[in-house]
Amino acid sequence: MKLPEAKSKPVFQLHQEKILLYGDWKTGKTSLVAAMPFDTLFIATEKGHSKVSAFVAQIETWADFQDVVTQLVSDTKFKMVCVDTIDMLWYLHLEHFKKAHNIDWEGDLKWGKGHALLVRGFVNEFQKLQLSNKGFFLLAHTASGNGDASMVEPNLPYDKNHQIRDAICGLCDYIWYLRMESTVVKGQVEQRRTLRTAPSEDYVAGARWPLPDPIPFINGDPAKSAQRIINAYMKSAEEATAKPKTAPKGETK
């Protein structure tokens, strides 16, 4: 393998990003992703897509998910994938794992080896997806009490060493929290869906490259709300790739 001779350049393509999007029930996570202006395949682990126009692959087992991933590696139609939801997909993987090892509970295997195999088997499928050069949304509901009881976080599989949570979060470039917030519009207090993209003491969020925070949505219009995210993302990309300004000769910045 030849060592690189030049630095790589940042790449910003929203449909290639890996995004963990979580929020309370019925805040519009699925509608938001369905409104993105590129073909996205929903890998649905639960019902709830009858009110959106979308490409939906309904899966019932972990083997179904593996089959879809295998097809996506060579697929050219879909720009992005959306797992809806990541917590339910984990339970499908868990059931598959128990049957494969003929056990009733994952703890029946020796902890170190068994747990490592469990996590590795889950993450490996997403690494295959990365070979297809596709991004993905991982949708989750909110949870609290798994770690710091005062912090809102994604409802991800929990273990005392946080290996599963860390593996899932480590896959992602962005963690976004969609919630309802009170805001004043023309002198009136309204409840508005708002996307949080930056870290907080109250909830989990963040990004490899910062986005504006917050990003307010337009109630009842997922398409315009999705466009606000795209505009914020493109602005962030322009700032990341802009050439640094040089100081006039004889001056230092």
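The values are calculated or read from the model by the stated rules, or taken from the named source; none is laboratory data. Remember, predicted model here, so these are calculated numbers, not experimental data. Cβ: placed from backbone, ideal geometry, glycine included. Neighbour counts: every protein chain shown. With ligands, DNA and RNA removed, areas are computed over all heavy atoms of the protein, side chains included. Shrake-Rupley method; radii C 1.70, N 1.55, O 1.52, S 1.80 Å.
Given the criterion of a type outside the set (Gly, Ala, Ser) and within 24 Å of ALA223 (Cβ to Cβ), identify the matching residue among LYS99, LYS51. It would help to see each step written out before you state the result.
Working: LYS99 fails: within 24 Å of ALA223 (Cβ to Cβ).
Of the residues listed, the single one that is of a type outside the set (Gly, Ala, Ser) and within 24 Å of ALA223 (Cβ to Cβ) is LYS51.
So which of LYS47, LYS51, LYS26, LYS7 ends up being among the basic types (Lys, Arg) and either on the phi > 0 side of the Ramachandran plot or buried (at least 20 other Cβ atoms within 10 Å of the Cβ) (or both)? Quick ask: steps written out before the conclusion?
On the way: LYS47 fails: either on the phi > 0 side of the Ramachandran plot or buried (at least 20 other Cβ atoms within 10 Å of the Cβ) (or both); LYS51 fails: either on the phi > 0 side of the Ramachandran plot or buried (at least 20 other Cβ atoms within 10 Å of the Cβ) (or both); LYS7 fails: either on the phi > 0 side of the Ramachandran plot or buried (at least 20 other Cβ atoms within 10 Å of the Cβ) (or both).
Unique residue meeting the criteria: LYS26.
Tell me whether the stretch 108-119 contains one or more residues that are surrounded by 17 or more Cβ atoms within 10 Å (Cβ to Cβ) and modelled with pLDDT of 85 or more. Looking for residues that are surrounded by 17 or more Cβ atoms within 10 Å (Cβ to Cβ) and modelled with pLDDT of 85 or more, one finds at least one in the stretch 108-119, hence yes.
Looking only at the stretch 124-142, residues that are surrounded by 16 or more Cβ atoms within 10 Å (Cβ to Cβ) and either of a type in the set (Gly, Ala, Ser) or at pLDDT below 90 (or both) come to 5 in all.
Among the residues of this structure, LYS224 does not count as one that is over 24 Å from PRO199 (Cβ atoms) and either at pLDDT below 90 or open to solvent by less than 40 Å² (accessible area, probe 1.4 Å) (or both). Looking at the stretch 171-185, can you tell me whether even one residue there is closer than 30 Å to HIS15 by Cβ, assigned to a helix (DSSP H, G or I) and at pLDDT 90 or above? Scanning the stretch 171-185 turns up no residue that is closer than 30 Å to HIS15 by Cβ, assigned to a helix (DSSP H, G or I) and at pLDDT 90 or above.
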